[in-house]
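Right, one structure below, let's go through it.
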Amino acid sequence: MLVQFTIFPTDQGESVSGFVASAIKIVEDSGLPYKLGPMSTSIEGEWGEILAVINRCRKELRKRSKRVYIVISVDDREGASGRIEGKIRDVAEKLGHEPKT
């Protein structure tokens, strides 16, 4: 399954990139395939392992923040794998060129 999530503290001022970086470190350490985007991160894996990663991110941010905002979108497609790259490849094929990522 593919999960896209956004996570950041709401009580830590205007720039929260340091908090996002600490969450991305947790994602990296999980070993799951992921892609960082400008406003969200996509992870590919199984439901339980992805939710465990997001929960670790939440716990890390809560160490330094009283309020954390999280948005999660899920694409749960039976039997599919390699979609974190494959979905982009499919769109590129239809466009006839690589889209900006």
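Structure notes:
- Residue match in segment 74-89 (condition: among the aliphatic types (A, V, I, L, M), at pLDDT 95 or above and within 24 Å of Gln12 (Cβ to Cβ)): no
- Residues that are surrounded by 11 or more Cβ atoms within 10 Å (Cβ to Cβ) and either assigned to a helix (DSSP H, G or I) or not hydroxyl-bearing (Ser, Thr, Tyr) (or both) within segment 81-90 comprise Arg83, Ile84, Glu85, Gly86, Lys87, Ile88, Arg89, Asp90, listed in sequence order.
- Residues in segment 20-44 that are charged (D, E, K, R) and under 18 Å from Ser73 (Cβ atoms): Lys35, Glu44.
- Considered as a group, the residues in segment 10-25 that are buried (at least 18 other Cβ atoms within 10 Å of the Cβ) and touching a helix residue (DSSP H, G or I) at 6+ places or on another chain (Cβ under 8 Å) include one that is farthest from Glu85 (Cα to Cα), and that residue is Phe19.
- Taking the criterion of being within 13 Å of the chain's Cα centre (by Cα) and β-branched (Val, Ile, Thr), the residues of segment 49-69 that qualify are Ile50, Val53, Ile54.
- Meets criteria (crowded, with 16+ Cβ neighbours inside 10 Å, among the small types (Gly, Ala, Ser), out of contact with any Ser or Thr (no Cβ under 7 Å at 6 or more places or on another chain) and assigned to a strand (DSSP E or B)) for Ser73: no
- Residues in segment 17-37 that are assigned to a loop (DSSP other than H, G, I, E, B) and either closer than 14 Å to Val71 by Cβ or among the charged types (D, E, K, R) (or both): Gly37 only.
- Failed item in (1) surrounded by 13 or more Cβ atoms within 10 Å (Cβ to Cβ); (2) assigned to a helix (DSSP H, G or I); (3) modelled with pLDDT under 95, with Ile54 passing the rest: (3)
The values are calculated or read from the model by the stated rules, or taken from the named source; none is laboratory data. Keep in mind the model is a prediction, meaning the values are calculated, not measured. Note that we place each Cβ from the backbone using ideal geometry, even for glycine, and neighbour counts take in every protein chain shown.
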